[in-house]
Amino acid sequence: MSTPATPTTPPTHFLRQIIEGDLAQGAHARKRWAGSPGDANHQAAGALDAARIRTRFPPEPNGYLHVGHAKSICLNFGLARDYGGVCHLRFDDTNPEKEDIEYVNAIVDAVHWLGFD
């Protein structure tokens with residue numbers, strides 16, 4: 001009977017492999033961030049980006065979140081946390097007639113409930 005190995009590093013998957021490869025190669029070491037969303041010219045005017053990676057979670061605030069959203073929150077915010085990056089909570093506004101501040105607040109609460117800011 002074998003004893004299960006004790007993991008010394010977090011489990012890996014293809015996204016972590018891509019991120020770790022990019023970081024090892026310095027693929028984005030010269031990227032710039034202007035401090036707000038914008039086009040390439042806007043970003044080029046910014047300082048070198050201190051965040052090692054940037055991810056986003058872009059829900060549409062037209063209803064309450066479900067378990068699939070929780071998975072995406074944990075993935076995007078978790079990868080940003082694990083690699084010294086930033087995850088942007090960016091509300092999608094493709095259907096403004098169905099959006100409501102109640103859903104915006106519920107989404108923010110869910111992100112906090114899952115342990116992220």
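Does any residue in segment 23-42 that is loosely packed, with under 13 Cβ neighbours inside 10 Å come within less than 8 Å, Cβ to Cβ, of a residue that is part of a loop (DSSP other than H, G, I, E, B) and not hydroxyl-bearing (Ser, Thr, Tyr) six or more places away or on a different chain, and which pairs are these?
Short answer, once both residue conditions are applied: Gly35/Gly46; Pro37/Arg90.
Out of the residues in segment 82-117 that are of a type in the set (Asp, Glu) and part of a helix (DSSP H, G or I), state the one that is surrounded by the most Cβ atoms within 10 Å (Cβ to Cβ).
Asp82
Which condition does Ala50 not pass, out of (1) assigned to a strand (DSSP E or B); (2) surrounded by fewer than 11 Cβ atoms within 10 Å (Cβ to Cβ); (3) hydrophobic (A, V, I, L, M, F, W, C), if it passes all the others?
(1)
Tally time: how many residues in segment 69-117 are hydroxyl-bearing (Ser, Thr, Tyr) and in contact with a Cys (Cβ under 6 Å, 6 or more places away or on another chain)?
To start, the set of residues in segment 69-117 that are hydroxyl-bearing (Ser, Thr, Tyr) comprises 72, 83, 94, 103.
Adding the requirement that they be in contact with a Cys (Cβ under 6 Å, 6 or more places away or on another chain) leaves none.
Adding up the residues that qualify gives 0.
Restricting attention to segment 53-69, report how many residues are closer than 15 Å to Tyr103 by Cβ and either surrounded by 15 or more Cβ atoms within 10 Å (Cβ to Cβ) or touching a residue at least 12 places away in the same chain (Cβ under 8 Å) (or both).
We begin by selecting, within segment 53-69, every residue closer than 15 Å to Tyr103 by Cβ; these are 57-66, 69.
Still in the running and either surrounded by 15 or more Cβ atoms within 10 Å (Cβ to Cβ) or touching a residue at least 12 places away in the same chain (Cβ under 8 Å) (or both): 57-65, 69.
Residues meeting the conditions: 10.
Have a look at Leu79, Leu75 and point out the one that is open to solvent by 30 Å² or more (accessible area, probe 1.4 Å), in a helix (DSSP H, G or I), touching a residue at least 60 places away in the same chain (Cβ under 8 Å) and not acidic (Asp, Glu).
So the residue among Leu79, Leu75 that is open to solvent by 30 Å² or more (accessible area, probe 1.4 Å), in a helix (DSSP H, G or I), touching a residue at least 60 places away in the same chain (Cβ under 8 Å) and not acidic (Asp, Glu) is Leu75.
The values are calculated or read from the model by the stated rules, or taken from the named source; none is laboratory data. These figures come from a predicted structure and were not determined experimentally. A quick note on method: Cβ atoms are made from the backbone with ideal geometry, for glycine too, and the neighbour counts reach across all protein chains shown. Calculation scope for accessible area: heavy atoms of the full protein, side chains included, ligands and nucleic acids excluded. Shrake-Rupley method; radii C 1.70, N 1.55, O 1.52, S 1.80 Å.
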